[in-house]
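Engineer: One structure, as structure tokens, below. Some questions next.
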Amino acid sequence: MLRFATALLAAGVISHLSMNDAAAAVSGETAYIFNTFSFLVHGLLVMFMACGFAMLESGLVRAKNTSVICLKNIALYSLAGIAFYVVGYSILYTDVNGGWIGSFNLFYNSSSAELDLLNTSVGDATGAAKEALEKTIATASKEVIGSGYSVMSDWFFQMVFVATAASIVSGTLAERIKVWPFLIFVVVMAALIYPIQASWVWGAGWLSEMGFSDFAGSTLVHSTGGWAALAGAIVLGARKGKYNDDGSVNPMPGSNLPLATLGTFILWFGWFGFNGGSQLALGSAADATAIAIVYVNTNLAAAGGVVAAMLATQVKYGKIDLTYALNGAIAGLVSITAGPDLQNHLLAVLIGAVGGLLVVVTVPILDKLKIDDVVGAIPAHLIAGIWGTLCVGIFGSGNIGTQLTGIIAIGVFVFVVSFVIWFILKSTMGIRATDEAQEQGLDSSEVGIRAYPEFH
């Protein structure tokens with residue numbers, strides 16, 4: 001009897017669903033709400049990554065440089081957001097039309113239709129005045145819903161990406177860069193460097209027309225931050241005492257590895273917003289399914305990066321290195337960011353694992369070149385970003401030649417422009433803290449507040 005009742009219930013549900021397929025599709029307004037919600041919530045997750053970068057960097061620098069790291073991270077997030085609002089977003093998205101750069105329109109605000117919808121009310125109007133107001137509201141509503149999502153929700157989601165790119169630069173140049181020159185570079189990066197190269201793809205620019213694909217920014221965000229960091233590291237030079245005349249390296253271990261581990265977990269968590277939100281929609285069953293796939297691939301790639309880095313350091317050094325494992329997670333995340341929509345989840349593990357191995361291989365090469373990268377951002381973001389972007393052509397739907405063209409074009413542009421900006425800053429106001437300031441710690445010379453005063 002129970003089986004019979006269950007069968008009847010199941011048949012009724014199936015019948016109901018089949019009879020109401022058309023009704024199952026959400027309305028345009030509902031899709032608008034879900035799409036906007038996705039942008040805002042996923043954007044909040046990416047914003048939380050700013051905390052992850054701050055904690056990771058704070059843990060990997062020496063105690064005497066912790067306060068300045070915290071200051072740089074909250075300041076860069078603030079300045080990047082303002083610069084992106086003033087001009088950056090317009091350069092990225094406005095009137096690119098297959099070209100090289102968008103329009104230099106100052107300030108990016110809500111659309112006129114959105115403002116009409118918010119500010120127009122029938123109130124006590126009657127007759128012709130009432131009809132006119134109702135028509136205005138109906139027209140505004142139709143236009144707003146037709147856009148698919150709130151204009152400013154998209155701005156918010158894209159803004160937190162800019163701050164991520166700037167955070168990558170912060171870690172590489174830690175312990176010897178002055179605060180104000182660094183923040184000036186952040187403004188230039190957020191207002192010009194980042195939006196120009198991103199417009200080539202996400203703004204429907206020339207690389208987009210070629211077929212270059214970067215789902216959530218392995219190249220456009222992470223390699224861009226890595227190229228800017230590499231240029232800065234070359235112009236700035238290594239920390240005092242990092243390298244001996246014979247080329248040997250003096251280890252400068254971080255002060256708080258539990259804090260660095262916490263930062264890595266926060267970044268891992270926030271990355272679901274980074275990649276999941278880049279589906280750019282949540283208004284259909286297909287979108288929801290795609291986001292779920294992206295989440296799974298993101299998680300698997302990070303896990304693959306950790307395991308690969310652990311195994312590689314065990315073989316190479318005879319013991320597991322925690323800092324390599326942390327950067328292995330980040331490299332795995334960066335590697336999958338260009339193509340997290342893969343339907344073969346095993347490939348995500350492989351892609352992330354190679355990213356983790358690249359970290360282990362690249363760090364000693366940078367030391368041989370005397371390029372001082374305090375937190376390992378260049379291997380984890382630049383190198384892994386290149387690998388991840390190539391994977392779209394190897395394992396995904398992209399063309400390997402087109403992917404390589406985009407990598408080279410963006411890399412040359414970002415590195416050259418960043419190098420010039422760093423050189424100008426060095427030649428005018430100076431970018432490097434004095435040897436004495438480095439010895440005392442930049443907490444004392446730059447901000448005047450020590451994070452751990454009991455240790456001094």
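The values are calculated or read from the model by the stated rules, or taken from the named source; none is laboratory data. Note that this is a predicted model, so its numbers are computed, not measured. Cβ coordinates were reconstructed from backbone atoms using ideal geometry, including for glycine residues, and neighbour counts include every protein chain displayed.
Engineer: I'd like the full set of residues that are farther than 22 Å from A353 by Cβ, not in a loop (DSSP other than H, G, I, E, B) and not small (G, A, S), limited to region 382-403.
Structural biologist: Across region 382-403, the qualifying residue is only T402.
Engineer: Scan region 239-268 for residues that are among the charged types (D, E, K, R) and either surrounded by 14 or more Cβ atoms within 10 Å (Cβ to Cβ) or closer than 19 Å to L442 by Cα (or both) and jot them down.
Structural biologist: R239, K240, K242, listed by residue number.
Engineer: What number of residues in region 326-348 are surrounded by fewer than 24 Cβ atoms within 10 Å (Cβ to Cβ) and more than 21 Å from L220 (Cβ to Cβ)?
Structural biologist: Qualifying residue count for the region: 5.
Engineer: Also, quick follow-up: When you scan region 405-421, do you find a residue that is of a type in the set (S, T, N, Q), assigned to a helix (DSSP H, G or I) and more than 21 Å from A260 (Cα to Cα), even just one?
Structural biologist: Yes, the conditions are met somewhere in region 405-421.
Here's the yes/no breakdown for (1) among the hydroxyl-bearing types (S, T, Y); (2) touching a residue at least 12 places away in the same chain (Cβ under 8 Å); (3) more than 22 Å from V414 (Cα to Cα):
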position: L311; (1), (2), (3): no, no, yes
position: P340; (1), (2), (3): no, yes, yes
position: L357; (1), (2), (3): no, yes, yes
position: T362; (1), (2), (3): yes, yes, no
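Engineer: Select from region 207-218 the residues that are more than 14 Å from the chain's Cα centre (by Cα) and at negative phi and list them in ascending order.
Structural biologist: L207, S208, E209, M210, F212, S213
Engineer: Only one residue in V235, V221 is over 18 Å from the mean Cα position of the chain (by Cα), assigned to a helix (DSSP H, G or I) and within 22 Å of F419 (Cβ to Cβ), so which one is that?
Structural biologist: Every option except V235 fails the conditions.
Engineer: Additional query: Condition (residue is within 29 Å of V68 (Cβ to Cβ) and more than 20 Å from the chain's Cα centre (by Cα)) applied to region 143-156: is it met by at least one residue?
Structural biologist: No, region 143-156 contains no residue that is within 29 Å of V68 (Cβ to Cβ) and more than 20 Å from the chain's Cα centre (by Cα).
Engineer: Among the candidates A204, A140, A165, A191, single out the residue that is at positive phi and either crowded, with 16+ Cβ neighbours inside 10 Å or modelled with pLDDT of 95 or more (or both).
Structural biologist: On inspection, the qualifying residue turns out to be A204.
Engineer: Among the numbered conditions (1) crowded, with 17+ Cβ neighbours inside 10 Å; (2) part of a helix (DSSP H, G or I); (3) over 19 Å from the mean Cα position of the chain (by Cα); (4) in the same structural domain as L44 (by TED's automatic domain parsing), tell me where V160 comes up short.
Structural biologist: In the conditions (1) crowded, with 17+ Cβ neighbours inside 10 Å; (2) part of a helix (DSSP H, G or I); (3) over 19 Å from the mean Cα position of the chain (by Cα); (4) in the same structural domain as L44 (by TED's automatic domain parsing), V160 misses (3) alone.
Engineer: When you scan region 74-93, do you find a residue that is among the polar types (S, T, N, Q) and modelled with pLDDT of 95 or more, even just one?
Structural biologist: Looking for residues that are among the polar types (S, T, N, Q) and modelled with pLDDT of 95 or more, one finds at least one in region 74-93, hence yes.
Engineer: For region 318-343, what are the residues that are of a type outside the set (A, V, I, L, M, F, W, C), more than 17 Å from L267 (Cα to Cα) and either in contact with a helix residue (DSSP H, G or I) (Cβ under 9 Å, 6 or more places away or on another chain) or not assigned by TED's automatic domain parsing to the domain that holds I386 (or both)?
Structural biologist: K319, D321, G339, D341, Q343
Engineer: With respect to A75, determine if the residue is within 21 Å of F161 (Cβ to Cβ), in a helix (DSSP H, G or I) and out of contact with any Gly (no Cβ under 9 Å at 6 or more places or on another chain).
Structural biologist: Against the criterion (within 21 Å of F161 (Cβ to Cβ), in a helix (DSSP H, G or I) and out of contact with any Gly (no Cβ under 9 Å at 6 or more places or on another chain)), A75 qualifies.
Matching residues to (1) within 28 Å of A83 (Cα to Cα); (2) acidic (D, E):
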position: F107; (1), (2): yes, no
position: S112; (1), (2): yes, no
position: G123; (1), (2): no, no
position: E143; (1), (2): no, yes
